[in-house]
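The values are calculated or read from the model by the stated rules, or taken from the named source; none is laboratory data. Note that the structure is predicted; figures quoted are calculated from it, not measured. Cβ: placed from backbone, ideal geometry, glycine included. Neighbour counts: every protein chain shown.
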Amino acid sequence: MRHRVHVRKLGRSTPHRFAMYRNLVTSLLEHEQVETTDVKAKEVRRLADRMITLGKRGDLHARRRALRVIRSRDVAAKVFGELADRFRTRAGGYTRVMKTRYRVGDAAPMSLVALLGADEGDLAAAGEKPSGRKRAAKGGGAAKGAKGAEKGAGKAAAKKTAPKKTGGRKSAAAAPKSAPRAKAKSTRSKKGS
């Protein structure tokens, strides 16, 4: 049983694991995306979100706590400046994990951990989807909506006239019988003979 176990150990000692997380979080905050294994990505997401929350607090104690994890003062300045301003109105969830591929060497599932973009951070705070804003800006949303309604009405009419399919089993008479298979001759030799 793994009750109350919330730490992924990843087959590493504690200092090795913390050093790896610090490196990954620093790289993520510096480059705004990093590709790693799926399990590591989920752990790094927790730490990166915590660092951005500290950046939003902005006091001296938060800066010192962030510098325990972040390995570069330049990256820490970015967290307390640019990233804190970008996510000022967002209440958590500053990163996303997207599954990408399986690694060639050992078939480990890989994921891309990325910070949300400047436009996505603002939209999520306002409660809008990015696709809704693009459609409204283009002005073609009303025309597409009318065409979609016509198609939907046609499909609904077709469903009413189509006969219903039964979900039960086929009867024995309706099921086609397959031809009997010829027995394959055994090519194995018997031990006793």
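Of note:
- Yes/no for L112 being under 21 Å from the mean Cα position of the chain (by Cα), in contact (Cβ under 8 Å) with a residue 12 or more places away in the chain and either in a strand (DSSP E or B) or surrounded by fewer than 13 Cβ atoms within 10 Å (Cβ to Cβ) (or both): yes
- Any hit, region 87-106, residues being assigned to a helix (DSSP H, G or I) and free of Cβ contacts under 8 Å to residues at least 24 places away in the same chain: no
Results for (1) in contact with a Ser or Thr (Cβ under 8 Å, 6 or more places away or on another chain); (2) under 15 Å from V113 (Cα atoms); (3) surrounded by fewer than 13 Cβ atoms within 10 Å (Cβ to Cβ), shown as yes or no for each residue.
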position: E35; (1), (2), (3): yes, yes, no
position: A48; (1), (2), (3): yes, yes, no
position: I70; (1), (2), (3): yes, no, no
position: V75; (1), (2), (3): yes, no, no
position: G81; (1), (2), (3): no, no, yes
position: R86; (1), (2), (3): no, no, no
position: R96; (1), (2), (3): no, yes, no
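- Selection from region 4-42 of residues that are free of Cβ contacts under 8 Å to residues at least 24 places away in the same chain and assigned to a loop (DSSP other than H, G, I, E, B): R4, V5, H6, V7, K9, G11, R12, S13
- Selection status of D49, more than 24 Å from the chain's Cα centre (by Cα) and in a helix (DSSP H, G or I): no
- Among the residues of region 52-61, the one identified as outside any helix (DSSP H, G or I) and out of contact with any helix residue (DSSP H, G or I) (no Cβ under 7 Å at 6 or more places or on another chain) is D59.
- Residue selected from region 7-33 under the condition loosely packed, with under 14 Cβ neighbours inside 10 Å and of a type in the set (D, E, K, R), by the criterion modelled with the highest pLDDT: R12
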